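S.K.: A single structure is presented below for examination.
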Amino acid sequence: GNPLRGGAEGGDDGRIVIGASDVGESLLLAEIYAGALRGAGADDVTVRPPVGGREVLVQALQDRSLTLAPDYSGNLLRYFDQDTSATTSDEVYRELPRALPEGLEVLDQSPAENTDMLVVREELAAQGVRTISDLAPRCDRLVFGGPGQWGERWRREIRELYGCEFKEIRTTDTGGPVTVEALRSGEVQVANMFSTSASVYANGFVPLEDDRDMFPAQNIVPFAVEGSLSERERDALDRVSAALTTEKLTELNVEFSERKRNPADIADEFLAQARNR
Amino acid sequence: MSLIDELGTYLGSANTRAQLWAALAEHGYLALLPILFGVVLAVGAGWLGQTWPQVRGTLAVVANLVYTIPSLALFVVIPGVIGTTILDSINVVVALSLYTAALLVRPMLDAIAAVPQAVTASATAMGYRPARRYFGVELPLAVPVLAAGVRVAAVSNISLVSVGALIGVGGLGRLFTDGFQREYYAPIVVGVVLTLLLALVVDLLLVLLRRVLTPWQRPAPTRRADEEVAA
Amino acid sequence: MTIEFRGVTKRYGGGAAAVDELSLTVPDGSMTVFVGPSGCGKTTSLRMVNRMVEPTDGDVLLDGRNVRDIDPAELRRGIGYVIQHAGLFPHRTVLGNIATVPMLSGWSRRSARRRAGELLDTVGLPAELGSRYPAQLSGGQQQRVGVARALAADPPVLLMDEPFSAVDPVVREGLQDELLDLQRRLGKTIVFVTHDIDEAVRLGDRVAVLRVGGRLAQYGTPADVLRHPVDDFVAEFVGKDRGYRGLSFLSAGALEVGEVVTVEIGSVPGESGEWRLAIDDERRPRGWLAPGSTVDGSLAEADLVAGGSLYRRGTSLRGALDAALSSPASLGVVVDDDGAAVGVVTARHVLDVIERHPASATATSRTARA
Amino acid sequence: MTIEFRGVTKRYGGGAAAVDELSLTVPDGSMTVFVGPSGCGKTTSLRMVNRMVEPTDGDVLLDGRNVRDIDPAELRRGIGYVIQHAGLFPHRTVLGNIATVPMLSGWSRRSARRRAGELLDTVGLPAELGSRYPAQLSGGQQQRVGVARALAADPPVLLMDEPFSAVDPVVREGLQDELLDLQRRLGKTIVFVTHDIDEAVRLGDRVAVLRVGGRLAQYGTPADVLRHPVDDFVAEFVGKDRGYRGLSFLSAGALEVGEVVTVEIGSVPGESGEWRLAIDDERRPRGWLAPGSTVDGSLAEADLVAGGSLYRRGTSLRGALDAALSSPASLGVVVDDDGAAVGVVTARHVLDVIERHPASATATSRTARA
Amino acid sequence: MIAETVAWFGDAANWSGPGGVPARVLEHVGYVALALAIALVIAVPFGLLVGHTGRGAVLLVGAGNIVRALPTLGVVTLFFLLLAESTPAAVVGLVVLAVPPVMAGTYAGVQSVDAHVVDAASGVGMRGMQRLWQVEVPIALPMVLGGVRNAVLQLVATAAVAAYVGLGGLGRYLMDGLAILDYAEVVAGAVLTAALAVVLDLLLAGLQRIVVPRGVRLAELTRSKGPA
Ligand SMILES: Nc1ncnc2c1ncn2[C@@H]1O[C@H](COP(=O)(O)OP(=O)(O)OP(=O)(O)O)[C@@H](O)[C@H]1O
Ligand SMILES: Nc1ncnc2c1ncn2[C@@H]1O[C@H](COP(=O)(O)OP(=O)(O)OP(=O)(O)O)[C@@H](O)[C@H]1O
Ligand SMILES: [Mg+2]
Ligand SMILES: [Mg+2]
């Protein structure tokens, strides 16, 4: 049987549990949501430690151990609808409600985006590799590094779209230090990272242009259990989403992963600024 | 930035400090509650082994087998077995209870078996029935051995809880994943230090508890024959 | 309470018999000692009384009642059991140990501990030992606590399995004396196990000698067993000093106590051609002054030859003979209960009494051939 | 090799003395037994000889050479040491255990094992035990292996610390006999520790009685110590049977052996008014036929009264007296080395000899007051 | 769940290539073996020294306990940041894990050699090192190996964290399965790890049979049987 069905931990009693995935900024966003909800009068708001990928979050939302989690529109849609052809922000957001399972919903999406991207080291870029199409002919000689679930999600896609079949797909982590380290040391030559990640630029990696729109738009969107938030709370989250832009998110990410500040502190500052505007 | 500065900045945030306390409390609870359950299980196993000596071998093998399952796997598999949700901290508690019991069963059986024949025989001869004899005589006499086992179990539980961070329930273990994600020494160092402190305090408390529970044991220094000779 | 073994056999796991067709009766209020070489089934026999071991065959009766019909735990609470090394509970204080059976039988904590306090006194231990733990006692003290614990519920029957084997000979003798005294005062029915024939002879009203395989070789009074062993096995087991030891059972009623010349320490003795017994101002013997020895000034201990063992008036011939044999003057010093010298005996006088003893040669022994 | 203690004192950790100013000499080729109550410093004294313990004060000399000047490991290889409970190496076979010292001293493996094989025989163990492990031996066998191991390098000195305490009395006596025999054959200088006065008296050429606090109470021959204890402590320790035991040291040279009427088992005895000794066809005594008893047909064992202990001609007076005392006929049976009856003794004859013994009363004992 | 796990094991794709079971098992054994070897080099001499001299036991036990309390995950992440290399970081974490049981087993083994036997060894004239190697070590072997077996069990179970810093081994199945909640994969990883632990433990038990002197085993038997 499915071990994930069962008793509820969060839910209807006014308790709000916010989850985060192990993508670095996910925790940051969760803290921002938490701050916003507290500002809107919710008094029992917790942020759970980051855990796993989307699969875990979805399950946790479905069994009500979570109330809410930040997510990315494109990947979320693809998760429930493998064959979607929506790629632009609007397409994706329009398709989402239909694809989501019963009892789950997304709130307003934010203009801020954080897409997957493939990055290479400067040496390889200097050989004229600027787009994924440029990369494709060399794929069979290159080792790729990315999160554990990357192969299942994208191996077929990238082969069909670009004709790229990597020599090996190695599991590193979700755009985190293992990936950075692997790419830096040459253990892998191509890696999956994220557009708002501070470490791409800090390490001088070069993002490749996704010239055939393989990766869909990835607007930040609060992903929640339907009916678990009050109007006031939903408004507060919508306001936060509206205030968040890609530039702002990248900035916050620098604060978080380069200046190593406490995500709750960053969230507080951001929310204060947003209110003052 | 030097580590000291880094620690200063890190601990400078009130939010961080609050999170640390919460993590520490969760860590303590996740590590120590299983000790309680584990001891109860081991005491039960001791009782089984005492009543049916022929199951001793089986109990020991089962205990060993439990011990071979990686903690991470146990954390993840347990919800499938007992029907909890994946993020539930009960999973960690159950897993660590099993480990504690596994760790204690062996010494428990040995300690019960090592109670001097003369003592059990005289208890029986005085009209103790088996259950009362177990709890009134054999168990108290096994306390020193059990206590040694509990100390080891407590300390390794405190270390093991951190692994729970990989499934989002890990007390201080969160600091390691956080520090790792951000290539940030401060939380890792703070996490290690707090874990050690917790272990130290718990260990001390256990030593005290043992002293209280075994008033009949005067410390007798072990002496080796050749200490006399400087050669 | 009378204990009766009726054709009792025990086989462990269907092997050879550990106890084979044992039949004997321990009369009410008496002490029977089981003695025999290692593995002869002494412990097994003993434990069948309180059902720590169940007989393969035959019955054990307590005052005619088959122990099989009594619930084991109840049975055991009514039987004191003292085992080798005392088997004290190391985690309980001395009082806690002694109070065990009363507590099990449902006494209140207070009255159980009061009783324990009394028993400490009964077995001759100071009250302040009550709060100690067994590990803080000497071996002899532990044994006493073991006895006290067995006595706690005032059981009519006591089983004692080599209770004194772990203590050194001097302490052991003290414990034996106390047990005899206790037995005289409390009149329990006691079964005592030892592999030391001396202990058996000293303590038992009756001695049961077992041979390996659990067969009863002889059952009779100590005098019987020493003086009339039924066969070579018993004779061998009883040991080569049995003639001398047997004297323990001959009373010295008719023993002639002779006069002896005494000199007091501190006085100025004249010369003399005979042995003179030096005594102190309470007439206690201090040693011998050899014939012809000269003393400078008043008599001091240094002038004396050390004396032999002393014979307490009224005890058995064994002590009398030893006193005579060990004396440098060949004169055994006889003392009264206060230790004052009252005269001397010679080995020859002792022999006279032995020879006149009617029991010595013709007594028919109650024996059982196995 | 002579061992000399010269004012040796040992204090552990600055506390009270465990051994206090011990001075005594163990002459070459003799056996001295240290005896005394528990904790009196016997083990400590012994271990100062091979430097397992270093004296706080004073010296131990081996043939005049201070042991302090000898490398401890070398010293120990030249001194056999048998400890209580044997202390065998559980991971080595019996042969491996015995061969330890020769191997340490650089013998070849082959010759060490050959030597070990010989020693098995010396201590009376069958060769096939050589390949067993200590856990597969009985207590008594382990003790023997312990002795063999100590003898392996043929050391002139042997130290034995309660080597027989772990075995039961019967086995123990056998081991003692073997040790005496060994000592006669090999002529080692032996220091032996026990807390059993019987063992001390049986084995020692000299006995050193220690009192608690490690003070020497008396040092002399067993006869001395038994018959002339220097003070109450020694007298008490030596025990109340010392007069009788002391007879062990009186030779029975002049003992008059009387005639006795014998009847052979299987023959048809007539009537008689006196005790008659029943013998078998090899003249071995089987029991007594009481005066006036009638026999149906030929004489069988069942007609007899069991006999007393037997006195082997040429041994000490102790056995003679016991034989007389234990005999139902008051006649102690005297046997020769083959066990054949050669006559009888009476207790009175034994007393005659005791009284005529010059040593009995006047021997001055070599004593040391501590 | 059982059916899915069986299916996982039945899928040929899971048995070949760099992510296949044989490769993962080899990687796992590799981490364990490397960590164990280093731990032995560190822990055995210390255990022997302390057990032999009887000095520093309190320190050793205390230090052992503290080291045991070190969270493996913390050590691994810390060393990953320090060394910027996955393999050494993981191995350091595992060594830290393996040292206490090996050290405790060695120390306890030597320490628990019957005092009479040690005494006899000195008494026959063995020097310190002779006593250690000829008497104490052979008799201590069962407990030393007991400590090693303990360490191996923990190592096999914990080597899974190597996957967290991007290494292979059976932890890969746990981590990857966990990330996408593929239960079959997680259970498969757990089963493989446990099986590996059992197999290695059996191998060590066999080794123990071979190297522990027969006499020592016999002595243990008689001791544990004891008097009835
Ligand atoms: N529980 C048991 N199982 C099997 N055999 C036993 C058991 N207890 C005793 N025996 C055997 O029964 C025989 C008699 O044993 P028991 O303990 O009664 O002897 P014992 O006379 O008390 O000897 P000891 O003087 O050594 O105490 C021995 O051969 C012993 O090995
Ligand atoms: N290593 C030691 N450290 C401190 N005290 C010791 C040590 N060894 C012995 N003692 C003390 O020295 C005294 C003499 O001990 P020793 O072992 O020599 O006595 P013993 O005569 O051999 O006694 P036993 O008959 O019990 O073997 C005792 O009081 C004992 O407690
Ligand atoms: Mg017995
Ligand atoms: Mg001693």
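All of the numbers you see were taken from the coordinates with simple rules; none came from a lab. Computed from a predicted model, the values in this text were never measured in an experiment. Don't worry about glycine lacking a Cβ; one is built from the backbone with ideal geometry, like all the others, and counts go over all protein chains shown.
S.K.: Express in whole angstrom the spacing between the alpha-carbon centres of the stretch D:84-157 and the stretch E:60-77.
M.R.: Cα centroid to Cα centroid, the span is 46 Å.
S.K.: Which cysteines does the protein assembly as shown leave without a neighbouring Cys Cβ under 4.7 Å?
M.R.: Lacking a cysteine Cβ partner under 4.7 Å: C:40, D:40.
S.K.: How much of the DSSP bridge set in chain A is antiparallel, in percent, rounded to the nearest 5? Kindly include the intermediate steps, with their values, before the conclusion.
M.R.: Numbers: 16 of 27 bridges.
Antiparallel bridges: around 60 percent, rounded to the nearest 5.
S.K.: For chain D, set up a GNM with springs between Cα atoms under 10 Å and report which of D:248, D:293, D:45 has the largest fluctuation.
M.R.: D:293
S.K.: Here's something else I'd like to know. Which value, in debye to the nearest 20, gives the size of the charge dipole of the stretch D:3-240 about its Cα centre, when Lys and Arg are +1 and Asp and Glu are -1 at the Cβ?
M.R.: Numbers: 29 positive and 30 negative charges, 181 e Å.
Dipole of the stretch D:3-240, to the nearest 20 debye: 860 debye.
S.K.: Here's something else I'd like to know. So what are the three principal axis dimensions of the stretch E:2-225 from its Cα atoms, in whole Å, longest to shortest?
M.R.: Largest first, the stretch E:2-225 extends 66, 41, 25 Å along its Cα principal axes.
S.K.: Using a Gaussian network model of chain E whose springs link C-alpha atoms within less than 10 Å, name the residue from E:13, E:163, E:190 with the highest mean-square fluctuation.
M.R.: E:13
S.K.: How compact is chain B by the rule of thumb for globular proteins, expressed as Cα Rg over 2.2 N^0.38 Å? Can you show the working numbers first?
M.R.: Numbers: Rg = 21.6 Å, N = 231, 2.2 N^0.38 = 17.4 Å.
That ratio works out to 1.24.
S.K.: Using only Cα atoms and rounding to the nearest 10 degrees, what angle (0 to 90) does helix D:139-151 make with the longest principal axis of chain D?
M.R.: 50 degrees
S.K.: Can you list, largest first and rounded to whole Å, the semi-axes you get for the stretch D:262-359 by taking the square root of 5 times each eigenvalue of its Cα gyration tensor? Before the final figure, lay out the partial values.
M.R.: Working: eigenvalues 148, 39, 16 Å².
Rounded to whole Å, the semi-axes are 27, 14, 9.
S.K.: Another question, then. What's log10 of I(q)/I(0) for the protein assembly as shown at q = 0.06, 0.07, 0.09 Å⁻¹, Debye sum over Cα points only, no solvent?
M.R.: -0.74, -0.90, -1.24
S.K.: I'd like the distance separating the alpha-carbon centroids of the stretch A:13-74 and the stretch D:161-232, in whole Å.
M.R.: 87 Å
S.K.: From the label point of residue D:261, set 7 Å along Cα to the beta carbon, how far off in nm is each other copy's matching point, shortest first?
M.R.: For residue D:261, the other copies' label points sit at 4.7 nm, shortest first.
S.K.: If R0 is 30 Å, what FRET efficiency do you get for residue A:88 and residue A:165 from their C-beta distance, rounded to 0.05?
M.R.: Numbers: r = 28 Å, r/R0 = 0.92.
Given R0 = 30 Å and the Cβ-Cβ separation, E is 0.60.
S.K.: By how many degrees, between 0 and 90 and to the nearest 10, does the Cα long axis of helix D:317-326 differ from the longest principal axis of chain D?
M.R.: 40 degrees
S.K.: Of all beta bridges DSSP finds with both residues in the protein assembly as shown, what is the antiparallel percent, to the nearest 5?
M.R.: Details: 72 of 132 bridges.
Taking every DSSP beta bridge with both residues in the protein assembly as shown, the antiparallel ones total about 55 percent.
S.K.: Related question: Cα-based Rg of the stretch A:132-277 per 2.2 N^0.38 Å, rounded to two decimals? All intermediate terms of the calculation are to be shown ahead of the outcome.
M.R.: Details: Rg = 18.4 Å, N = 146, 2.2 N^0.38 = 14.6 Å.
Cα-based Rg divided by the globular estimate yields 1.26.
S.K.: Which semi-axis lengths, in whole Å and largest first, follow from the square roots of five times the eigenvalues of the Cα gyration tensor of the stretch E:59-132?
M.R.: 38, 13, 8
S.K.: Here is a follow-up. Antiparallel DSSP bridges in the stretch D:262-359: what percent, to the nearest 5?
M.R.: Once the DSSP bridges in the stretch D:262-359 are tallied, antiparallel ones form about 60 percent.
S.K.: Please name whichever of D:55, B:46, A:20 sits farthest to the positive end of the charge dipole of the protein assembly as shown, dipole taken about the Cα centre and charges placed at Cβ: Lys and Arg +1, Asp and Glu -1.
M.R.: Positive-end residue among those listed: D:55.
S.K.: If you don't mind, another one. Could you work out the pair-distance distribution P(r) of chain A from its alpha-carbon pairs, with 5 angstrom bin width and percents rounded to whole numbers?
M.R.: 1, 6, 12, 17, 18, 16, 13, 9, 5, 2, 1, 0
S.K.: What residues have an amide H closer than 5 Å to that of residue C:342, excluding those fewer than 5 places away on the same chain, when H is modeled at 1.01 Å from N in the peptide plane?
M.R.: C:334, C:335, C:336
S.K.: Which cross-chain or sequence-distant (5 or more) residues have an amide H under 5 Å from the amide H of residue A:165, H modelled 1.01 Å from N in plane?
M.R.: Here the answer is A:139, A:140, since their amide H atoms fall under 5 Å of that of residue A:165.
S.K.: What percent of all Cα-Cα pairs in the stretch D:3-240 falls into each 10 Å bin, going from 0 up to the bin containing the maximum distance?
M.R.: Reading the bins upward from 0: 8, 32, 35, 20, 5, 0.
S.K.: Just to be sure I understand the curve: with the Debye formula and one point per C-alpha of the stretch A:47-187, what is log10 I(q)/I(0) at q = 0.19 Å⁻¹?
M.R.: With one equal scatterer per Cα and no solvent, log10 I(q)/I(0) is -1.26.
S.K.: Projecting each Cα onto the charge dipole of the protein assembly as shown (Lys/Arg +1, Asp/Glu -1 at the beta carbon, about the Cα centre), which of A:221, A:75, B:14 comes out farthest on the positive side?
M.R.: The listed residue farthest towards the positive side: B:14.
S.K.: Same structure again: Taking amide hydrogens as modeled 1.01 Å from N in the peptide plane, which residues meet the under 5 Å criterion relative to residue A:104, leaving out close sequence neighbours?
M.R.: A:226
S.K.: Report, in deg cm²/dmol and to the nearest 500, the calculated mean residue ellipticity at 222 nm for chain B, where each DSSP H run with n ≥ 4 adds -39500 (n - 2.57) and the sum is divided by the residue count. Present the calculation step by step, with values, prior to reporting the outcome.
M.R.: On the way: 10 runs with 171 residues, N = 231.
Helix-only estimate at 222 nm: -25000 deg cm²/dmol.
S.K.: For the stretch A:34-48, take each phi angle, set θ = phi - 60°, evaluate the Karplus expression 6.51 cos²θ - 1.76 cosθ + 1.60, and give the result in whole Hz per residue in order, putting x for glycine and proline.
M.R.: 4, x, 5, 5, 4, x, 8, x, 6, 9, 10, 10, 10, 10, 7
S.K.: Ok, one more. If you draw the axis that swings chain D onto chain C, which residue of D has its Cβ closest to it, and how far is that in whole Å?
M.R.: Taking the axis that maps D onto C, the answer comes out as D:244, 3.
S.K.: Work out the charge dipole of the protein assembly as shown with +1 on the Cβ of Lys and Arg and -1 on the Cβ of Asp and Glu about the Cα centre, then indicate which of B:32, A:106, E:99 is farthest towards its positive end.
M.R.: Farthest towards the positive pole: E:99.
S.K.: Work out from phi, with θ = phi - 60° and the Karplus expression 6.51 cos²θ - 1.76 cosθ + 1.60, the ³J(HN,Hα) of each residue of the stretch E:109-115, listed in order in whole Hz, and give x for Gly and Pro.
M.R.: Those phi angles translate into x, 5, 4, 8, 4, 2, 4 Hz.
S.K.: Same structure, new question: Over chain D, what is the mean sequence separation of C-alpha contacts under 8 Å (at least six apart), divided by residue count, expressed as relative contact order in percent? Could the numbers behind the result be given before it?
M.R.: On the way: 774 pairs, mean separation 57.6, N = 370.
Dividing the mean separation by the residue count of chain D yields 16 percent.
S.K.: About the Cα centre, and with charges only on the beta carbon of Lys, Arg (+1) and Asp, Glu (-1), how big is the dipole of the stretch C:262-359? Nearest 20 debye, please. The partial results should precede the final answer.
M.R.: Details: 9 positive and 15 negative charges, 93 e Å.
For this selection, approximately 440 debye.
S.K.: While we're here: Placing a label point 7 Å from Cα toward Cβ, how far apart in nm is residue D:23 from its equivalents in the other copies, listed shortest first to one decimal?
M.R.: Between copies, matching label points for residue D:23 lie 7.0 nm apart.
S.K.: Nearest 10 degrees is fine. How inclined is helix D:169-186 to the longest principal axis of chain D, computing both from alpha carbons?
M.R.: Long axis of D:169-186 versus the principal axis of chain D: about 70 degrees.
S.K.: Report, in whole Å, the centroid distance computed from the Cα atoms of the stretch A:119-155 and the stretch B:3-72.
M.R.: 43 Å
S.K.: Another question, then. Taking springs between alpha-carbon atoms closer than 10 angstrom, which of D:259, D:199, D:162 fluctuates most in the Gaussian network model of chain D?
M.R.: D:259
S.K.: Go through the stretch B:114-121 residue by residue and turn each phi into a ³J(HN,Hα) via Karplus (6.51, -1.76, 1.60, θ = phi - 60°); whole Hz please, and just put x for glycine and proline.
M.R.: For the stretch B:114-121, the Karplus curve yields 8, 4, x, 3, 4, 6, 5, 4 Hz.
S.K.: Kirkwood Rh, the stretch E:142-195, all Cα pairs: how many Å?
M.R.: Details: mean 1/r = 0.0856 Å⁻¹.
Over the stretch E:142-195, the inverse of the mean reciprocal pair distance is 11.7 Å.
S.K.: Separate question: So, with +1 on the Cβ of K and R and -1 on the Cβ of D and E, and no other charges, what is the size of the charge dipole of the protein assembly as shown about its Cα centre, to the nearest 20 debye? Walk me through the numbers on the way to the answer.
M.R.: Values: 140 positive and 169 negative charges, 450 e Å.
In debye, rounded to 20, the protein assembly as shown gives about 2160.
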